[in-house]
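Take a look at the structure set out below.
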Amino acid sequence: MMEFNNNPTNQNKNNWQHQLDKFVKANQKELAALAWGLNLEKGETDETIGIDLKETPKFVYCSKAAIETLNRNVDGKIQEILGLIDGYKPELEVLMIAIGDGQIKLVYFQPEISPPNCFEQLGQNVDALLKILETGMSQSIN
């Protein structure tokens, strides 16, 4: 038996995830450049880039300890995310955790060209990339 949920609050709750998917697809190069630029600024760290979608979308850092605590609080349901974080290769891939409406979503992809090359090709500094992407998210994710 299949259930079709016509409850608009549920659809709206998951809508930000769909909007984020579209935004990520349209802005892969910029997100890859930002991830690499932040990696250069931060150096070796146990923090993961997060996207806080409450009110005005903004980029934040999530400590590994906070993600591990969240994993314990949800009975290990995000264990795979911790595994991806442990194996993350910033020179090859992009990994961010989006947080919205009491839910999280993994943003994880390997861009067509490497994050360092994206950063170099765009020629923008981290602050400019943050402004471009945060503005874009504000306009396309609600």
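The values are calculated or read from the model by the stated rules, or taken from the named source; none is laboratory data. In this text, all values refer to a predicted model and were calculated from it rather than measured experimentally. Neighbour counts run over all protein chains shown; Cβ positions are idealised from the backbone, glycine included. Heavy atoms of the whole protein, side chains included, go into the accessibility calculation; ligands, DNA and RNA do not. Shrake-Rupley method; radii C 1.70, N 1.55, O 1.52, S 1.80 Å.
So is Ile51 in a strand (DSSP E or B) and in contact (Cβ under 8 Å) with a residue 40 or more places away in the chain or not? So that I can check it myself, show each step before the final result.
On the way: in a strand (DSSP E or B): yes; in contact (Cβ under 8 Å) with a residue 40 or more places away in the chain: yes.
Here the answer is yes, as Ile51 does meet what is asked.
For the stretch 95-113, how many residues are open to solvent by less than 80 Å² (accessible area, probe 1.4 Å) and touching a residue at least 60 places away in the same chain (Cβ under 8 Å)? Spell out how you get there, then give the answer.
Pass one, the stretch 95-113, residues open to solvent by less than 80 Å² (accessible area, probe 1.4 Å): 95-100, 103-107, 109, 111, 113.
Remaining after also requiring touching a residue at least 60 places away in the same chain (Cβ under 8 Å): 95-96, 98, 100, 103, 105, 107, 109, 111, 113.
Looking only at that region, the number is 10.
Could you tell me whether Val126 is at pLDDT 95 or above, among the β-branched types (Val, Ile, Thr), within 20 Å of Ala32 (Cβ to Cβ) and over 13 Å from the mean Cα position of the chain (by Cα)?
Numbers: at pLDDT 95 or above: yes; among the β-branched types (Val, Ile, Thr): yes; within 20 Å of Ala32 (Cβ to Cβ): yes; over 13 Å from the mean Cα position of the chain (by Cα): yes.
Criteria met by Val126.
Checking the conditions here, which among Thr45, Thr9 is exposed (fewer than 11 other Cβ atoms within 10 Å of the Cβ), farther than 22 Å from Lys131 by Cα, modelled with pLDDT under 95 and not basic (Lys, Arg)? It would help to see each step written out before you state the result.
Details: Thr45 fails: exposed (fewer than 11 other Cβ atoms within 10 Å of the Cβ).
The conditions single out Thr9.
Using beta carbons and a limit of 8 Å, which pairs, at least six apart or on different chains, have the first residue in the stretch 118-142 and touching a residue at least 60 places away in the same chain (Cβ under 8 Å) and the second one surrounded by fewer than 16 Cβ atoms within 10 Å (Cβ to Cβ) and among the acidic types (Asp, Glu)?
From the stretch 118-142, the pairs are Val126/Glu41.
Based on what the data block shows, is Leu84 in contact with a Phe, Trp or Tyr (Cβ under 8 Å, 6 or more places away or on another chain) and surrounded by 12 or more Cβ atoms within 10 Å (Cβ to Cβ)? Reasoning before the result, please.
On the way: in contact with a Phe, Trp or Tyr (Cβ under 8 Å, 6 or more places away or on another chain): yes; surrounded by 12 or more Cβ atoms within 10 Å (Cβ to Cβ): yes.
Criteria met by Leu84.
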